[in-house]
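Colleague: This is the structure, below, for whatever I ask next.
The values are calculated or read from the model by the stated rules, or taken from the named source; none is laboratory data. These numbers were taken from a predicted model, which means no experiment stands behind them. Counting neighbours? That spans all protein chains shown, and the Cβs are built from the backbone with ideal geometry, glycine included.
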Amino acid sequence: MNASADRPSWVTGALLAGLAAAGLLLFSGLRQEWRAESLQRSQELRAVGPDLQQLAVLAAAWPADRALGSRIDALLKAPASGFAQIAVSDARGNLLLRRGVYDRLDLPFPAAVQRQLRKLLYVLRSHEDSQRPALDAAPGYVVRFRLFNGAHRVSEPAIQALRQGARAQMLLALLLLGGFGYGLRRQLQPVVDWRRRLDGRRRLAGQLPPEITWQLRESLRERVGRALDGLQYAIFLVGRDARIRYANSAAERLTGWSAADAQGRPAYTVFHTVGEGGIPEVTPVERCLREGEDLPPQPCSLRTRGGEIRPVEVMACLLRDADGVVDGAAMLFRDLTASTRQFEALRREARLSQSVVDHLDEGLLTTDPAGVVRSANARAQRMFGYSRDEMAGVTVTKLMPVPFLNTPGVRIGDYIGARPAAHLPKVVGWRKDATTFPVELWVQPMSVDDSSGLVVIIRDITERLRGENLASRLGRLLDSAMEEIYIFDAQTLYFLEVNRGAQRNLGYGLEQLAQMTPLQISEDLDAAMFQSYLARLRGGDTGHLSYRCRHRRADGSSYPVEVRLNFSREEEPPVFMAIVADITERQAAEERLHQLAHFDALTGLPNRTVLKDRLDQALLSAARNARMVGVFFIDLDRFKPINDRHGHETGDRVLRAAAERLKQGLRNADTVARLGGDEFVIVAQGLRTREDAGRLAQKILDSFHAPLLVDGLSLPVTPSIGIALYPLVETDTEGLLRYADSAMYQAKQAGRARYHLFEADLAPERRRRLELQREVHTAIALNQFRARLQPVTAVQGGALSAALLRYDWQHSRHGLIGEDEAVLAAQQAGVRADLELWCIYRACELLAEAARRERAMPPLLVDISAFQLRTADFGLYAADLIDRFRIAPAQLVLVLRASGDEPLALHDAVLALIRRGLRFGLHADTVIPALPDGAPPLSLLVAGAGLPGLAQGQLPVLARQLGMALLVRDVDSAAQLAALAGAGAGHLGGEALQRGMELDPFLEFIQPQELQPL
């Protein structure tokens, strides 16, 4: 009696079932691992694909262009690329270049040993791959490369799940194979009969009692069950009656039935398999027992005890006893929920990709290398009139018989990488209804895993050809037009169409103009203005507009043009059309008319019309910059005798020569005009004093000391000049000319060849104001102003908190000029900024002097105009003073005054001072009714004692809202001081509290005072 015959048949069945399950699990695990590696390789190729395509393009230029080697070195040196070695071959298989990170590794071994060590390093630390990039510029080039292990390793859930599932299945297979080997070895050993020891029905005499044998069998089941639990596999063991004998923990978790509840129940009452619509199905283990054969792994739907439908993979195998009789069956199953989700995600992605492809405007076919269609998108189906199923298996020659069927030697492969403009036969599509249409082809090779084929993109160009034919006819009409016609893109502004007239006038070819925009051929066309023209047309504000500019030819010359610009929204994409006319002759005629209308025909000088316009402008400028305008009325002495004696032609030449003399002695800003006859007028701007006007008049007289040389004659000519100065004479343009004419006659009556200044009777106050305006600039330069410090005290406690910088002007004739009058004179003279800079200078000087004496000083408040903050000169000058006198910027508080519409913008130099601690206050009249945006950081609100908002209680509320302290200045009377007692001001300053003082008395005054700086 052999050993196998003495053992129960179910042991042999279990071993065979385990072997089958191990084989299935091993096959499934290896298959999933192969899929994971394929996905990983696809990810790696996608990551390095752009680099490989670039290498292939560079290889096409090798060895003329050495950029290939440089690019390979850069990729090897970049850790993020992951390359260990790169080799590039041409289409014939010839190796062009190969380099690796270990090629320069210098080891203390012979060369042959070093080569073997390098190969070993490459094998151990990297894996090999290759790619043939499908590029037009580099056909057939192959890039072989080695990537470091782990480079471009991705952790996508799908790949991770595949790897984990594969490893779990292979581990379970190894465990089952180990169990099979162990069981087989025990089967072949006659001494140990585990099958009989586990079989309670067949027990040899003298062996273990039944209760111990049952315990061993249960122990073995528990071990196998726990092993399957670790592999996420559930198992049911059933008897011949399909009732459950054993269930592991995984089975409990998946079915919702505990092992105790499932024990002895029919399998179908615990493992509920359902089909579509929730219809119950026969369980796999019942089918296995009924059909008497094992069931391979198959998916099904399991309804758990709680009613949840769960996808599972299940397999079943028979269990036999030692006699080969079926003793029961084992059913293994695992949860496929995660795998199903991943599969559904992949399927959704595939549907999305197909939807995107179906929505393309072009038809797309995938074919095998011979041109047999594998798939077609929706556009291709509509284009040819076939359904998706009808398209599959159709050949390209049937869909496009011209040229692939009627032209020998032409194949679809000939169009690989070819552009539509290549010299290949035209392609005609053939629809299912036998109608034809012209098409454009793009063909590219496609390789997926081990399968290769072609991607064919088809475009129906019927409408385009119809449009091109129409455009050709219109182009011939436009080319024959005399005007220049340009059509340019509405976004890029590059020219799309240019007629021959424009090409001829500019001297550029069509290819050159295609790379240019209207701005590039226009000399004096402002880019911002041109964009505003385009914006008006795009917005529909106008249907067309016209402008003038100059077009620049290819040789550098230019000519004037008038452009009529239109916008066409009907085009796709929209375009602009410009119709341009050469206006050289028209402009010359206009210039001649303008010259005749505005300039004297004899001398070329401006006439009375231009003179009055320029004099009006000069008067406006004088009002802004506080300068005088001089009107010089000139008449040539004894011109009539010269004209009578030598004739009118000589007289005309004398007038032209006199005009040249007058122009030579003038500045560029001055204007000389001829009124008629021998009368001329000069308008001189920017005069400061009457002496300036006298010097200019004397210069004109001196220029006529030499006689005029005309037609060989030496003719002495002298002028008589009358001068009227604005604003010394407050009148209009005609009044100035009239007063200057009157002064000229007085000069003639005084003996000719001289000048006379018209004197108007001025009121004393106006004369004083004009003198102050003329002399304030000199007073600032000569430091004729005197600075005083006026204390500012806190309302609560009476401590000294700040000092106001006040000043006056000690004038030599007019005596003491107060601060307000000095500011007004500086404002009218255009030097207020200079006066404010002088104030800052004096403030820094006083602070530095107090510091030198080691005396404490409160912050000094200095008034400045807000426009100063926008200039770099102010910021740099203030920074220089602070650094030169070595004072703390926080010791200065600049009190700003601005008009309501003036933005308080800050220059970078001023921002730098703010970061160093410079502080700012604001005059209250600046922020009423609202504080302008963009103001600097403000800590103090300064108001005059007579400001209406103060009496009405608005300013204290405003100061609190803005987070500023309120300081009231110019409190010059006891009545004002009493009125401000409960007004809510934080600080007060004025004559009623303390007069302004120079530095020494100020320091003595503040010495006993409590100092609480702002």
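Colleague: Residue by residue through the range 94-110, note down the ones that are acidic (Asp, Glu) and at pLDDT below 75. Outline the logic, then answer.
Modeller: Residues of the range 94-110 that are acidic (Asp, Glu), as a first pass: 103, 106.
Answer for the range 94-110, where residues must be acidic (Asp, Glu) and at pLDDT below 75: just Asp106.
Colleague: I need every pair where a residue in the range 878-893 that is assigned by TED's automatic domain parsing to the domain that holds Leu911 has its Cβ under 7 Å from the Cβ of a residue that is acidic (Asp, Glu), sequence separation at least 6 or different chains.
Modeller: Hits for this filter: Phe885/Glu845.
Colleague: Give all pairs with beta carbons closer than 8 Å in which a residue from the range 816-837 that is on the phi > 0 side of the Ramachandran plot and outside the structural domain of Met628 (by TED's automatic domain parsing) meets a residue that is at pLDDT below 85 and outside any helix (DSSP H, G or I); count only pairs at least 6 apart in sequence or on separate chains.
Modeller: Gly830/Ala626; Gly830/Arg627
Colleague: Next question. Looking at the structure I just gave you, is Asp361 among the acidic types (Asp, Glu) and buried (at least 18 other Cβ atoms within 10 Å of the Cβ)? So that I can check it myself, show each step before the final result.
Modeller: Details: among the acidic types (Asp, Glu): yes; buried (at least 18 other Cβ atoms within 10 Å of the Cβ): no.
Against the criterion (among the acidic types (Asp, Glu) and buried (at least 18 other Cβ atoms within 10 Å of the Cβ)), Asp361 does not qualify.
Colleague: Now for a separate question. Across the range 602-611, what is the number of residues that are crowded, with 17+ Cβ neighbours inside 10 Å and of a type in the set (D, E, K, R)? Step through it out loud before you land on a result.
Modeller: Residues of the range 602-611 that are crowded, with 17+ Cβ neighbours inside 10 Å, as a first pass: 603, 605-607, 611.
Narrowing the set further to residues that are of a type in the set (D, E, K, R) leaves none.
Number satisfying all stated conditions: 0.
Residue-wise test of (1) farther than 15 Å from Arg842 by Cα; (2) surrounded by 16 or more Cβ atoms within 10 Å (Cβ to Cβ); (3) at pLDDT 90 or above; (4) in contact with a helix residue (DSSP H, G or I) (Cβ under 8 Å, 6 or more places away or on another chain).
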{"site": "Glu854", "(1), (2), (3), (4)": "yes, no, yes, no"}
{"site": "Met857", "(1), (2), (3), (4)": "no, yes, yes, yes"}
{"site": "Val862", "(1), (2), (3), (4)": "no, yes, yes, yes"}
{"site": "Gln868", "(1), (2), (3), (4)": "yes, yes, no, yes"}
{"site": "Asp873", "(1), (2), (3), (4)": "yes, no, no, no"}
{"site": "Leu881", "(1), (2), (3), (4)": "no, yes, yes, yes"}
{"site": "Arg884", "(1), (2), (3), (4)": "no, no, yes, yes"}
{"site": "Ile887", "(1), (2), (3), (4)": "no, yes, yes, yes"}
{"site": "Val893", "(1), (2), (3), (4)": "no, yes, yes, no"}
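Colleague: Right, here's the next one. Here is a list: Val142, Val123, Val113. Which entry is surrounded by 11 or more Cβ atoms within 10 Å (Cβ to Cβ), modelled with pLDDT under 75 and among the hydrophobic types (A, V, I, L, M, F, W, C)?
Modeller: Just one listed residue meets the conditions, Val113.
Colleague: Are there any strands (runs of 3 or more DSSP E) wholly within the range 776-887 with 3 or more residues that are aliphatic (A, V, I, L, M) and closer than 26 Å to Leu918 by Cβ, and if so which?
Modeller: Ranges flagged: 785-794, 800-811, 860-865.
Colleague: Does Val792 meet the test of being touching a Pro at 6+ places or on another chain (Cβ under 9 Å) and either under 17 Å from Ala693 (Cα atoms) or in the same structural domain as Leu861 (by TED's automatic domain parsing) (or both)? Spell out the reasoning first.
Modeller: Details: touching a Pro at 6+ places or on another chain (Cβ under 9 Å): yes; either under 17 Å from Ala693 (Cα atoms) or in the same structural domain as Leu861 (by TED's automatic domain parsing) (or both): yes.
Yes; evaluated as a whole, the condition is true for this residue.
Colleague: What number of residues within the range 255-289 are of a type in the set (Gly, Ala, Ser), more than 17 Å from Ile309 (Cβ to Cβ) and assigned to a helix (DSSP H, G or I)?
Modeller: The total comes to 4.
Colleague: Next up: Inspect all residues belonging to the range 177-194 and state whether any of them is under 30 Å from Phe343 (Cβ atoms), modelled with pLDDT of 75 or more and either surrounded by fewer than 18 Cβ atoms within 10 Å (Cβ to Cβ) or of a type outside the set (D, E, K, R) (or both).
Modeller: Residues of the range 177-194 under 30 Å from Phe343 (Cβ atoms): 177.
Keeping just the survivors that are modelled with pLDDT of 75 or more gives 177.
Filter once more, so that each one left must be either surrounded by fewer than 18 Cβ atoms within 10 Å (Cβ to Cβ) or of a type outside the set (D, E, K, R) (or both): 177.
Within the range 177-194, one or more residues are under 30 Å from Phe343 (Cβ atoms), modelled with pLDDT of 75 or more and either surrounded by fewer than 18 Cβ atoms within 10 Å (Cβ to Cβ) or of a type outside the set (D, E, K, R) (or both).
Colleague: On the given criteria, is Val631 over 25 Å from Thr733 (Cα atoms) and outside any helix (DSSP H, G or I)? Show your work before the answer.
Modeller: Working: over 25 Å from Thr733 (Cα atoms): no; outside any helix (DSSP H, G or I): yes.
So Val631 does not fit the description; no.
Colleague: Since Gln298 meets every condition but one in (1) surrounded by 15 or more Cβ atoms within 10 Å (Cβ to Cβ); (2) within 23 Å of Ala20 (Cα to Cα); (3) under 57 Å from the mean Cα position of the chain (by Cα), which condition does it not meet?
Modeller: That leaves (1) as the condition not met.
Colleague: Just one of (1) in contact with a Lys or Arg (Cβ under 8 Å, 6 or more places away or on another chain); (2) over 23 Å from Phe867 (Cβ atoms) trips up Leu805, so point out which.
Modeller: (2)
Colleague: Quick check on my filter: what residues within the range 320-346 are assigned to a helix (DSSP H, G or I) and closer than 21 Å to Leu172 by Cβ?
Modeller: Taking the range 320-346 as the starting set, the residues that turn out to be assigned to a helix (DSSP H, G or I) are 337-346.
Within the range 320-346, Thr337, Ala338, Ser339, Thr340, Gln342 qualify.
Colleague: Continuing with the same structure: Say we look at the range 550-601 and pick out the residues that are basic (Lys, Arg) and outside any loop (DSSP other than H, G, I, E, B); which of these is surrounded by the fewest Cβ atoms within 10 Å (Cβ to Cβ)?
Modeller: Step one: of the range 550-601, the residues basic (Lys, Arg) are 550, 552-553, 564, 569, 586, 592.
The next check asks that each one be outside any loop (DSSP other than H, G, I, E, B); those that pass are 550, 552, 564, 586, 592.
Numbers: Arg550: 16, Arg552: 17, Arg564: 14, Arg586: 12, Arg592: 10.
Checked the range 550-601; the qualifying residue surrounded by the fewest Cβ atoms within 10 Å (Cβ to Cβ) is Arg592.
Colleague: Inside the range 988-1014, can you point out the residues that are more than 22 Å from Gln796 (Cβ to Cβ) and among the hydrophobic types (A, V, I, L, M, F, W, C)?
Modeller: Met997, Leu999, Phe1002, Leu1003
Colleague: Of the residues Val717, Val776, which is among the aliphatic types (A, V, I, L, M), modelled with pLDDT of 85 or more and touching a helix residue (DSSP H, G or I) at 6+ places or on another chain (Cβ under 7 Å)?
Modeller: Numbers: Val776 fails: modelled with pLDDT of 85 or more.
Criteria check complete, one pass: Val717.
Colleague: If only one of Ala747, Ala724, Ala779, Ala743 is assigned by TED's automatic domain parsing to the domain that holds Val862, crowded, with 19+ Cβ neighbours inside 10 Å and touching a residue at least 24 places away in the same chain (Cβ under 8 Å), which one is it?
Modeller: Numbers: Ala747 fails: assigned by TED's automatic domain parsing to the domain that holds Val862; Ala724 fails: assigned by TED's automatic domain parsing to the domain that holds Val862; Ala743 fails: assigned by TED's automatic domain parsing to the domain that holds Val862.
Just a single option satisfies the conditions, and that option is Ala779.
Colleague: Residues that are surrounded by fewer than 15 Cβ atoms within 10 Å (Cβ to Cβ) and at pLDDT 75 or above: list the helices (runs of 4 or more DSSP H) wholly contained in the range 1-88 that include at least 1 such residues.
Modeller: On the way: elements: 3-6, 9-60, 67-77.
Hits in the range 1-88: 9-60, 67-77.
Colleague: Could you check how many residues of the range 489-507 are assigned to a helix (DSSP H, G or I) and in contact (Cβ under 8 Å) with a residue 24 or more places away in the chain? Let's see the steps before the verdict.
Modeller: Within the range 489-507, the first condition is being assigned to a helix (DSSP H, G or I), and the residues that meet it are 500-506.
Still in the list and also in contact (Cβ under 8 Å) with a residue 24 or more places away in the chain: 502, 505-506.
Number of matching residues: 3.
Colleague: Considering Arg614, Arg653, which residue is part of a helix (DSSP H, G or I), surrounded by 12 or more Cβ atoms within 10 Å (Cβ to Cβ) and touching a residue at least 60 places away in the same chain (Cβ under 8 Å)? Don't jump to the end; show me each part of the working.
Modeller: Numbers: Arg653 fails: touching a residue at least 60 places away in the same chain (Cβ under 8 Å).
Exactly one of Arg614, Arg653 is part of a helix (DSSP H, G or I), surrounded by 12 or more Cβ atoms within 10 Å (Cβ to Cβ) and touching a residue at least 60 places away in the same chain (Cβ under 8 Å), namely Arg614.
Colleague: Using the structure shown, decide if Ala803 is surrounded by 19 or more Cβ atoms within 10 Å (Cβ to Cβ) and over 21 Å from Leu896 (Cα atoms). Full working, then the answer.
Modeller: Details: surrounded by 19 or more Cβ atoms within 10 Å (Cβ to Cβ): yes; over 21 Å from Leu896 (Cα atoms): no.
No, not satisfied.
Colleague: All but one of (1) at pLDDT below 75; (2) among the small types (Gly, Ala, Ser); (3) surrounded by 11 or more Cβ atoms within 10 Å (Cβ to Cβ); (4) within 25 Å of Gln43 (Cβ to Cβ) hold for Ala91; state the number of the condition that does not hold.
Modeller: Result: Ala91 passes all but (4).
Colleague: In the range 663-695, what residues are of a type in the set (Ser, Thr, Tyr) and either part of a strand (DSSP E or B) or not assigned by TED's automatic domain parsing to the domain that holds Thr733 (or both)? Spell out how you get there, then give the answer.
Modeller: If we filter the range 663-695 for residues that are of a type in the set (Ser, Thr, Tyr), which is where we start, we get 671, 689.
Result: Thr671, single match.
Colleague: For the range 721-737, give me the residue count where each residue is of a type in the set (A, V, I, L, M), modelled with pLDDT of 85 or more and under 17 Å from Arg627 (Cβ atoms). So that I can check it myself, show each step before the final result.
Modeller: So the first thing to find is which residues in the range 721-737 are of a type in the set (A, V, I, L, M), and the list is 721, 723-725, 728-729, 736-737.
Retained after the next criterion (residues that are modelled with pLDDT of 85 or more): 721, 723-725, 736-737.
With under 17 Å from Arg627 (Cβ atoms) added as a condition, the list becomes 723-725, 736.
Within the range 721-737, residues that are of a type in the set (A, V, I, L, M), modelled with pLDDT of 85 or more and under 17 Å from Arg627 (Cβ atoms) number 4.
Colleague: Report, by residue number, each residue of the range 388-415 that is within 17 Å of Pro369 (Cα to Cα) and either modelled with pLDDT under 85 or surrounded by fewer than 12 Cβ atoms within 10 Å (Cβ to Cβ) (or both).
Modeller: Applying the first criterion (within 17 Å of Pro369 (Cα to Cα)) to the range 388-415 yields 391-400, 404-405, 409-415.
Scanning the range 388-415 gives Gly393, Phe404, Leu405, Gly409, Val410, Arg411, Ile412, Gly413, Asp414, Tyr415.
Colleague: Any residue at all in the range 325-336 that's in contact (Cβ under 8 Å) with a residue 12 or more places away in the chain and under 48 Å from the mean Cα position of the chain (by Cα)? Before the answer, list the steps.
Modeller: Going through the range 325-336, the residues in contact (Cβ under 8 Å) with a residue 12 or more places away in the chain turn out to be 325-336.
Filter again for under 48 Å from the mean Cα position of the chain (by Cα), leaving 336.
Within the range 325-336, one or more residues are in contact (Cβ under 8 Å) with a residue 12 or more places away in the chain and under 48 Å from the mean Cα position of the chain (by Cα).
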